[in-house]
Amino acid sequence: ELIRPITPRKRRLRNPSAHTSISQTQGTETSIASSSLMSSFNLKVNSPNVTYTETHIHSSVIYETAQVIKDDQKGTFTVTPQKKTYQFKTDARVPKLGVMLVGWGGNNGTTVTAGVIANQLGMTWDTRSGPQASNYFGSLTQASTVRLGVSPDGQEIFVPFKNLVPLVEPNDLSFDGWDISSYDLSRAMARAQVFEYGLQVQLAPHLKQFKPRPAVYFPDFIAANQKDRADNVLQGSKQEQLNQIRADIRDFKSRKNLDKIIVLWTANTERFSDIRAGLNDTAENLLKSIEKNESEVSPSTIYAVASILEGCSYINGSPQNTFVPGAIELAISHKVFIGGDDFKSGQTKIKSVLVDYLVGAGIKPLAIVSYNHLGNNDGKNLSAPEQFRSKEISKTNVVDDMVASNSILYKKGEHPDHVVVIKYVPSVGDSKRAMDEYTSEIFMGGRNTLVIHNTCEDSLLATPLIYDLVLLTEFCERLTFKNDEMDEFEGLHPVLSLLSYLLKAPLVPEGTPLVNALFRQRACIENLFRACIGLAPESNMLLEHKRAPFSTLAVCGSDR
């Protein structure tokens with residue numbers, strides 16, 4: 001489902017070695033007068049299945065699946081193994097990338113921008129535990145490793161995730177964005193109270209120069225308690241505001257001489273939008289509804305439409321239904337990536353691990369009760385019932401596929417009780433508390449209860465996910481593939497399910513299995529990266545270590 005083909009679109013890419021911009025159609029190599037881009041690539045695969053050119057990595061892998069036919073009457077399964085050869089072509093030229101954040105002056109927006117500046121300048125600051133240096137801890141691409149293989153003496157070799165394929169460096173990102181608050185990012189950082197004071201003092205002079213652009217603000221979609229922040233808002237009809245967002249994107253790209261821009265929503269959670277025939281059920285109807293100033297078109301959908309029309313990938317970091325059917329159709333028709341919904345940073349990430357473990361171990365969760373309280377502006381907005389409902393939906397659906405995978409534990413239609421509570425407690429600020437109780441049925445009707453208390457530094461957990469979402473999305477824009485049934489190389493499906501590892505309520509192409517189990521999601525990213533350099537998926541069987549020397553074998557009942 002990940003690699004449903006879509007014909008690539010034309011993109012302008014930057015060659016960091018030559019420091020020039022070139023025009024290139026994805027899937028068609030372009031000659032450039034520069035030294036080899038691959039000469040500095042510190043991971044090369046020695047295999048006939050991968051080749052390196054001045055601009056691209058070409059690879060070939062065998063993709064193995066199994067087709068299963070189930071006979072419900074007989075209770076039998078017929079399994080047919082299938083193999084298909086896929087070729088991948090990865091553009092190794094890393095572009096000059098800009099990121100535009102909706103909600104740039106919020107806790108996440110300021111932390112994302114300040115985090116890059118702190119890492120660029122190698123900032124350190126004093127804490128009560130001693131000196132602290134800037135880092136990218138919490139980022140899948142920047143701070144985790146993957147198993148590459150084994151050394152000649154049998155030792156496992158691990159490398160940074162980012163070393164598998166050429167990715168944009170977070171320190172090279174440029175930022176811009178919108179916010180309904182007029183605070184410059186220095187004042188916004190102080191208001192957010194995320195960073196230690198010593199770090200804020202160092203960052204303030206660098207952040208003062210950044211001031212968010214006026215933002216789309218329709219009061220009906222977020223909590224009324226946000227009105228006091230809304231002093232930097234766009235005026236005019238929805239069509240006029242859409243046009244202004246598009247102009248802002250073009251202005252940022254031109255002013256910073258960027259090759260690409262990715263737009264990401266990290267603003268307040270909106271209420272759900274109605275989905276109605278004639279309103280937003282098709283791309284045509286959605287565009288007409290914006291033109292007619294229909295009240296049920298949300299700000300986040302306005303930003304999504306503007307980004308798609310500008311050819312910029314758009315990521316939704318909140319739980320609302322930004323991607324109404326018409327927005328999805330628009331993205332597919334324009335061959336632009338969209339990803340969502342809702343950052344998966346704390347309580348839900350643990351839940352997607354723990355329920356996978358319980359169900360996989362043959363233990364039956366009966367009830368999952370999750371309580372949160374937090375004091376940042378996200379918590380303030382979520383204190384309104386309609387906004388909370390959007391968050392509740394994204395948090396409760398996370399266990400569905402794991403429950404459905406085990407028909408021994410759960411009958412058809414059966415599901416554990418699942419309750420989510422969120423309360424606003426201003427005094428705890430960005431340090432969210434999450435408490436969970438898992439009650440499960442074990443052997444012979446016994447009960448097992450797990451109680452977890454999790455103190456989450458909300459924005460410090462979410463910010464590395466934002467870096468990963470941006471870097472992975474941009475990389476996918478440089479990836480094409482084909483198999484024997486395809487005439488030419490094509491891009492990934494615009495509904496970018498690869499991002500599921502980072503999101504609570506993954507958006508996937510129609511008809512695609514929805515996977516919430518965290519380690520399956522991570523394995524998807526890792527194995528796709530491996531395919532791009534001609535390596536087979538990681539099986540973890542370690543068969544080379546499973547056979548004991550014959551002289552040590554002892555067979556029961558034999559004197560051999």
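Kindly provide the set of residues from segment 505-531 that are under 16 Å from residue 140 (Cβ atoms) and either surrounded by fewer than 16 Cβ atoms within 10 Å (Cβ to Cβ) or in contact with a strand residue (DSSP E or B) (Cβ under 7 Å, 6 or more places away or on another chain) (or both), ordered by number. Selection gives 519, 520, 526.
Looking only at residues of segment 45-67 that are within 15 Å of residue 91 (Cα to Cα) and part of a loop (DSSP other than H, G, I, E, B), we find that the one that is most open to solvent (accessible area, probe 1.4 Å) is 54. Residues considered: 294, 329. Of these, the only one that is more than 21 Å from the chain's Cα centre (by Cα) and charged (D, E, K, R) is 294. Residues of segment 28-57 that are at pLDDT 85 or above and either farther than 21 Å from residue 159 by Cα or charged (D, E, K, R) (or both): 44, 48, 53, 54, 55, 56.
Scanning segment 245-264 for residues that are out of contact with any Lys or Arg (no Cβ under 6 Å at 6 or more places or on another chain) and open to solvent by less than 10 Å² (accessible area, probe 1.4 Å) returns 245, 249, 252, 262, 263, 264.
If you filter segment 439-480 down to residues that are aliphatic (A, V, I, L, M) and not in a helix (DSSP H, G or I), you find that the one that is surrounded by the most Cβ atoms within 10 Å (Cβ to Cβ) is 479.
Here is a yes/no grid of residues against (1) more than 30 Å from residue 420 (Cβ to Cβ); (2) at pLDDT below 95; (3) not in a loop (DSSP other than H, G, I, E, B):
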| site | (1), (2), (3) |
| --- | --- |
| 268 | no, yes, no |
| 281 | no, no, no |
| 294 | yes, no, no |
| 300 | no, no, yes |
| 304 | no, no, yes |
| 323 | no, no, no |
| 329 | yes, no, yes |
| 341 | no, yes, no |
| 353 | no, yes, yes |
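Here residue 319 clears all of (1) of a type outside the set (A, V, I, L, M); (2) modelled with pLDDT under 95; (3) surrounded by fewer than 24 Cβ atoms within 10 Å (Cβ to Cβ) except the condition numbered (3). Taking segment 50-86 as the range and being within 29 Å of the chain's Cα centre (by Cα), closer than 16 Å to residue 484 by Cβ and of a type in the set (S, T, N, Q) as the test, the residues that pass are 59, 60, 65, 85. Of the residues making up segment 481-505, those that are outside any strand (DSSP E or B) and of a type in the set (Gly, Ala, Ser) are 497, 500, 505. All conditions in (1) in contact with a strand residue (DSSP E or B) (Cβ under 9 Å, 6 or more places away or on another chain); (2) at pLDDT 95 or above hold for residue 111, with the sole exception of (1). Those strands (runs of 3 or more DSSP E) of segment 75-145 in which at least 2 residues are open to solvent by 40 Å² or more (accessible area, probe 1.4 Å) and closer than 27 Å to residue 430 by Cα, considering only elements entirely within it, cover 124-127, 130-133. The criterion of being under 24 Å from residue 376 (Cα atoms) and outside any loop (DSSP other than H, G, I, E, B) does not hold for residue 211. From the list 193, 155, the lone residue that is open to solvent by 40 Å² or more (accessible area, probe 1.4 Å), over 21 Å from residue 265 (Cα atoms) and at pLDDT below 95 is 155. Among the residues of segment 164-189, the ones that are assigned to a helix (DSSP H, G or I) and crowded, with 17+ Cβ neighbours inside 10 Å come to 6 in all.
The values are calculated or read from the model by the stated rules, or taken from the named source; none is laboratory data. What you see is a predicted model; the values in this text were computed from it and never measured. Positions of Cβ are backbone-derived with ideal geometry, glycine not excepted, and every protein chain shown enters the neighbour counts. Protein only, heavy atoms only, side chains kept; ligands, DNA and RNA dropped before computing areas. Shrake-Rupley method; radii C 1.70, N 1.55, O 1.52, S 1.80 Å.
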